[in-house]
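Worksheet: one structure, shown below.
The values are calculated or read from the model by the stated rules, or taken from the named source; none is laboratory data. The model shown is predicted, which means the values in this text are computed figures rather than measured ones. With ideal geometry, Cβ positions are generated from the backbone for all residues, glycine too; neighbour counts draw on all protein chains shown. Surface accessibility is based on the protein's heavy atoms, side chains included, excluding ligands, DNA and RNA. Shrake-Rupley method; radii C 1.70, N 1.55, O 1.52, S 1.80 Å.
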Amino acid sequence: MDQSITSSYNEAKKLYAAHGINTDEVLEKLARIKISLHCWQGDDVQGFLFKDKALSGGIAVTGSYPGRAGTPEELRRDLEKALSLIPGRHKVNLHAIYADTDEQVDLDELEPRHFAGWVEWAKEQGLGLDFNPTCFSHPQAADGFTLSHADEAVRSFWIKHCKAARRIAEHFGRELGQPCVTNFWVPDGYKDTPVDRLAPRNRLKESLDDIFSEEIDPQYNIDAVESKLFGIGSESYVVGSHEFYMGYALTRGKAICLDAGHFHPTEVISNKLSSILMFSDQLLLHVSRPVRWDSDHVVTMDDELLEIARELVRGDLLPRTHIGLDFFDGSINHLAAWVIGTRNTIKALLRAMLEPVEELRAIELAGDYTSRLALVEEFKSYPFGAVWDYYCASQGTPVREQWLAEVKRYEQDVLANR
């Protein structure tokens with residue numbers, strides 16, 4: 001390791017130790033956190049099950065940066081490269097349309113064998129897998145409704161698909177020795193104001209109850225349900241609102257998925273974490289960056305990301321929180337997007353871990369709000385960067401912007417030839 005990195009770390013270590021923070025222990029804890037990288041950033045949500053399909057269901061990707069993955073092998077190679085530039089050992093999050101098969105198979109017919117290539121690869125790489133049924137970009141979702149559809153035949157198709165997804169996820173968990181988080185999101189909703197808001201929600205509830213009626217081993221699969229405020233084509237009403245899924249999850253023992261971009265423009269999820277985890281055993285967190293709406297920009301270390309990290313650390317909520325990324329930016333290098341977003345998420349958690357939480361809690365309890373504010377502000381300029389550099393180096397990953405040169409070389413040698 002570079003001597004200057006070690007020297008800077010040792011100096012930072014002394015400063016943090018003065019407030020009772022053991023940086024070595026912090027880095028050991030940080031190394032145990034798994035971030036789930038979303039496969040759909042690598043190919044602009046195209047998938048491999050259906051060729052030349054158009055995105056629908058409120059899904060839109062802007063930009064046409066060259067070199068996106070066109071086969072499962074290319075996507076896995078890209079993920080390997082990205083993961084080599086990110087410290088820690090993580091997971092990959094798959095959508096159902098990323099099945100690795102030459103068979104002509106529809107969504108409701110998918111089986112674990114259609115993902116055998118992914119499982120074999122994950123074993124080789126020492127990775128976990130998460131999963132999502134794909135309830136969009138399909139003829140059976142053409143009118144914007146799936147699990148809440150008024151047509152029982154359409155509803156039945158999507159119920160079968162979601163049941164298949166849970167069986168696939170259970171297989172992932174059993175084969176890889178760690179639970180697979182299966183997240184259920186549907187785009188169902190109306191563009192304009194509906195007359196009947198209740199009936200679609202009743203149908204969605206009944207569909208979900210049917211899906212979850214099949215016993216799946218919870219040590220291998222964790223079910224999560226995800227809300228959304230609105231989407232393209234469902235601006236006025238979304239069946240699966242936050243209140244719907246919060247009530248459903250808490251009464252059915254499911255995890256709630258909070259996506260950073262799925263709420264009102266001035267609403268943040270950092271303030272929701274402690275409340276939900278008071279009543280729910282587990283939480284799925286989708287880290288994204290909304291700009292004007294759920295625009296899924298690459299995660300930057302903005303104020304909300306830092307607040308999410310602080311809330312998870314200060315409340316000791318990390319052991320019950322599954323963290324995944326969810327953005328798809330087609331305007332920049334696809335690998336760089338993964339690396340930037342994931343490194344920022346880990347870096348934000350590190351910054352939160354390097355705060356003197358117990359000291360701050362005692363000061364707050366004593367009513368000394370002056371000292372609380374002063375210390376919180378001072379720690380914003382403590383040398384967390386020196387600790388981050390040391391962590392990256394100790395994990396065998398590039399320090400600071402050195403990773404960008406690796407991505408540029410990969411772009412020239414691999415992506416440019418696609």
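Solvent-accessible surface (1.4 Å probe) assigned to residue 91 amounts to roughly 20 Å².
Protein heavy-atom surface of the stretch 266-418, 1.4 angstrom probe: 50% of the accessible area is carbon and sulfur, with nucleic acids and ligands not counted. Expressed as a whole number of Å, what is the distance separating the alpha-carbon centroids of the stretch 378-418 and the stretch 307-349? If we compute the Cα centre of each part, the gap is 15 Å. Against the criterion of solvent-accessible heavy-atom surface with a 1.4 angstrom probe, 226, 214 sort, most first, into 214, 226. Membrane-span-like helices in the chain, defined here as complete DSSP H runs extending at least 24 Å along the helix axis by their C-alpha atoms with mean Kyte-Doolittle hydropathy no lower than -1.0, are 152-176, 334-353; this is a sequence and geometry rule, not a statement about a membrane. The distance separating the Cα centre of the stretch 96-122 from that of the stretch 123-143 comes to 10 Å. With R₀ fixed at 30 Å, the C-beta to C-beta distance from residue 417 to residue 53 puts the FRET efficiency at about 0.75. The alpha carbon convex hull volume per residue for the chain rounds to 143 Å³. For the stretch 96-199, what does the alpha-carbon gyration tensor say about shape, rounded, prolate or oblate, given a ≥ b ≥ c as the root eigenvalues, a/c under 1.5 as rounded, and a/b over b/c as prolate? Judged from the Cα gyration tensor, the stretch 96-199 comes out prolate (a/c at least 1.5, a/b above b/c). Comparing 125, 20, 36 along the charge dipole axis of the stretch 9-133, the residue lying farthest to the positive side is 20, per the Cβ-charge model. For the stretch 1-138, with all protein chains in place and a probe radius of 1.4 Å, 45% of the accessible heavy-atom surface sits on carbon or sulfur. Once the dipole of the chain is set up with Lys and Arg at +1 and Asp and Glu at -1 on Cβ about the Cα centre, which of 386, 402, 265 lies farthest towards its positive end? Going by the Cα projections, it comes out as 386.
Just so you know, the Rg over Rh for the stretch 1-157 is 1.13, from Cα atoms, with Rh as the Kirkwood radius.
Measuring only protein heavy atoms, the 1.4 Å probe finds residue 230 accessible over about 70 Å². Each part gets one Cα centre, and for the stretch 148-223 versus the stretch 1-46 those centres are 36 Å apart.
Would you mind getting me the FRET efficiency between residue 264 and residue 198? Use the beta-carbon distance for r and R0 = 22 Å, nearest 0.05. Computed FRET efficiency for residue 264 and residue 198: 0.50.
Antiparallel as a % of all DSSP beta bridges within the chain, to the nearest 5? If I count the DSSP bridges inside the chain, around 10 percent turn out antiparallel. Per-residue ellipticity at 222 nm from helix content only, as computed over the chain with -39500 (n - 2.57) for each DSSP H run of at least four residues, stands at -13500 deg cm²/dmol. Placing unit charges on the Cβ atoms only, positive for Lys and Arg and negative for Asp and Glu, gives the stretch 3-75 a dipole magnitude near 180 debye about its Cα centre. Eigen-decomposition of the gyration tensor built on the alpha-carbon atoms of the stretch 159-259 gives equivalent ellipsoid semi-axes of 27, 13, 12 angstrom, largest listed first. Accessible surface area normalised per residue over the stretch 260-418 is 46 Å², counting heavy atoms of protein chains with a 1.4 Å rolling probe. Over the stretch 80-190, accessible surface divided per residue gives 34 Å², non-protein components excluded, 1.4 Å probe.
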